[in-house]
Amino acid sequence: MAAKPRYKELADELREEILSGTYKADAFPTESDLCKRYAVSRFTVREALRSLQTEGLISRKRGSGTSIQPAAARGGALHQPLSNVAEILQYARNTRAVFDPLGEGPLPRNIAEQLGLVAGGRWSRFQGLRTRADSTEPLAHTVAYVHESLRDIATKISPGEDTIFKQIERLAKINFVKVTQDIQAIAASADVAKALGIPKRAPTLRILRCYHDAADRILEISASHHPGNRFAYSMHIDIEG
């Protein structure tokens, strides 16, 4: 696997410091300070800061330097890139989730049709809310479906212990090699709205993730609904020459 570009690593470190409150709003380091502190080029620093600006975490003005955007200006959202498995795990570490098993049930028709799968079956289901460590306000309502071939493994899953897919890997001794994401803006159903504390049919961002093993079997599916004002999705695309 290719190493993450240095500017992305720097952006990750600075993002964590910003979200943890390390810097005061008007006391963010200058480009020169960051170059010296991290022993990187000015280009690397600028690319990292550009990423954070795109995420809405900082504001940059010529002649005024860099300042941290207040939470109110960010809409109270969790700004988190989710472009690879490592960043999904980082998202899980930066937040907390409390899940409950729902027993076995069918894969819903609307999800199956979107993914090109067969609805029904006896999938093991888990449901819960994800929050930030410093807040009880839900960031997402998630329902996870574990394939019926892993029925015995599903009974051993403790969703509060680790991400479900990492537990499946450990318990079933398999490796997930690919995660696909389908992102769609949809209105909150009555159940989702109640769980998130938002009005019915309020806008949400639904992230539908499928976890594939080496044989390209989808062994877990998760459907997460994020309130529109509590989550911002960002990604980085490297242009290959």
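The values are calculated or read from the model by the stated rules, or taken from the named source; none is laboratory data. Values in this document were obtained by computation on a predicted structure and should not be read as measured data. Don't worry about glycine lacking a Cβ; one is built from the backbone with ideal geometry, like all the others, and counts go over all protein chains shown.
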Considering residues of the stretch 114-169 that are at pLDDT 90 or above and among the charged types (D, E, K, R) only, the residue surrounded by the most Cβ atoms within 10 Å (Cβ to Cβ): Arg125
How many residues, within the stretch 12-41, are in a helix (DSSP H, G or I), modelled with pLDDT of 80 or more, surrounded by 15 or more Cβ atoms within 10 Å (Cβ to Cβ) and not charged (D, E, K, R)? 5
Looking at (1) touching a helix residue (DSSP H, G or I) at 6+ places or on another chain (Cβ under 8 Å); (2) part of a helix (DSSP H, G or I), can you tell me which one Ser158 breaks? (2)
Which residue is modelled with the lowest pLDDT, if the candidates are limited to the stretch 89-110 and must be outside any strand (DSSP E or B) and out of contact with any strand residue (DSSP E or B) (no Cβ under 6 Å at 6 or more places or on another chain)? Leu89
Give me the residue from the stretch 43-60 that is buried (at least 18 other Cβ atoms within 10 Å of the Cβ) and under 15 Å from Ile18 (Cβ atoms) and, out of that set, modelled with the lowest pLDDT. Glu55
Candidates Ala86, Ala71 - the one that is hydrophobic (A, V, I, L, M, F, W, C), in a helix (DSSP H, G or I) and modelled with pLDDT under 75: Ala86
Out of curiosity, is Leu78 modelled with pLDDT under 75, touching a Phe, Trp or Tyr at 6+ places or on another chain (Cβ under 8 Å) and under 26 Å from Thr180 (Cα atoms)? yes
Over the stretch 192-231, the set of residues closer than 19 Å to Arg109 by Cα, of a type outside the set (A, V, I, L, M, F, W, C) and either surrounded by 19 or more Cβ atoms within 10 Å (Cβ to Cβ) or touching a strand residue (DSSP E or B) at 6+ places or on another chain (Cβ under 8 Å) (or both) is Arg206, Arg209, Tyr211, Glu220, Ser222, Ser224, His225
I'm trying to understand the selection: among the residues of the stretch 1-32, which are within 17 Å of Arg62 (Cα to Cα) and either of a type in the set (Asp, Glu) or under 24 Å from the mean Cα position of the chain (by Cα) (or both)? Asp26, Glu31
Residue within the stretch 175-186 that is outside any strand (DSSP E or B) and over 19 Å from Val98 (Cα atoms) present: yes
Where a residue in the stretch 38-52 is among the polar types (S, T, N, Q) and its partner, wherever it lies, is in a helix (DSSP H, G or I) and surrounded by 18 or more Cβ atoms within 10 Å (Cβ to Cβ), with Cβ under 7 Å and at least six apart: Thr44/Tyr7; Thr44/Leu10; Ser51/Ala11
